[in-house]
Amino acid sequence: IQGYLPDIKPKLKRYIAEYLLDNSAEDPSSLAQGLMDIGATICQPKKISCSVCPLQEGCTAYANDSVNPLDLPRKRPKVRPTKYGFCFIVDDGQGRILIERRPGKGLFANMQGFPIHIRDNFEELVLASPEVDVDKNYFVEHIFTHFHLKLYVIKIGAGAFVDLPLFDTIKKEWLNIAELGDLSLPSLFNKVRKII
């Protein structure tokens, strides 16, 4: 049985049920557990160990020399949605940069970093911040567990920053550029720090 798990699950269940009925009259639960153990340890999609498989003798794929990891049932590859954002490097004109501590919930909870504003799509981001000129700024990309982020890094003065949309922050502080190296920042902000 080949294909992606969500698509072939009914066919796979039917096949396993028939196999269990034919081969486990005395102790069906032990056979079911054994098959799950083999699938979890020996016959894995990315690591097949036919040489130690107790079912090798009755395995059609092994007998036909057609054991290919790509033919085994597997999960469909994850597609991460792309989000877009602005990251602001706010300069007070005296050699200091604005750092904020993020709120207790959400992305970068309770961590320090540069002010950011993230939206699900680029048009939404630009409409929320029409005064930001995207073409004249820097760009970084970062992959999170559940989404891919394309982040425009905007260098801006403190006066122009006041009117821009931002997440709520618990604490803001101004740091000299030299002090930024001492901060323990999430890896996304380390990419941004290299631009400064």
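Yes/no matrix, rows are residues, columns are (1) touching a residue at least 60 places away in the same chain (Cβ under 8 Å); (2) surrounded by 10 or more Cβ atoms within 10 Å (Cβ to Cβ); (3) within 21 Å of GLN56 (Cα to Cα):
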{"position": "ILE8", "(1), (2), (3)": "yes, yes, no"}
{"position": "LYS11", "(1), (2), (3)": "no, yes, no"}
{"position": "GLU18", "(1), (2), (3)": "no, yes, yes"}
{"position": "LEU21", "(1), (2), (3)": "no, yes, yes"}
{"position": "PRO28", "(1), (2), (3)": "no, yes, yes"}
{"position": "LEU31", "(1), (2), (3)": "no, yes, yes"}
{"position": "MET36", "(1), (2), (3)": "no, yes, yes"}
{"position": "GLY39", "(1), (2), (3)": "no, yes, yes"}
{"position": "ILE42", "(1), (2), (3)": "no, yes, yes"}
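State whether one or more residues within the stretch 45-54 are under 21 Å from LEU21 (Cβ atoms), of a type in the set (Gly, Ala, Ser) and either at pLDDT 80 or above or part of a helix (DSSP H, G or I) (or both). No - not one qualifying residue is present in the stretch 45-54. Starting from the stretch 89-109, take each residue that is within 14 Å of LYS172 (Cα to Cα) and free of Cβ contacts under 8 Å to residues at least 60 places away in the same chain and list its partners that are β-branched (Val, Ile, Thr) and in a loop (DSSP other than H, G, I, E, B), counting only C-beta distances under 8 angstrom and pairs at least six apart or across chains. Close Cβ pairs satisfying both conditions: none exist. Whether any residue in the stretch 78-88 is out of contact with any Ser or Thr (no Cβ under 8 Å at 6 or more places or on another chain), free of Cβ contacts under 8 Å to residues at least 12 places away in the same chain and part of a loop (DSSP other than H, G, I, E, B) is what I want to check. Checked against the condition, which is being out of contact with any Ser or Thr (no Cβ under 8 Å at 6 or more places or on another chain), free of Cβ contacts under 8 Å to residues at least 12 places away in the same chain and part of a loop (DSSP other than H, G, I, E, B), the stretch 78-88 yields at least one hit.
The values are calculated or read from the model by the stated rules, or taken from the named source; none is laboratory data. Model, not experiment: these values are computed from the prediction. All Cβ positions, glycine included, derive from the backbone under ideal geometry; neighbour counts span all protein chains shown.
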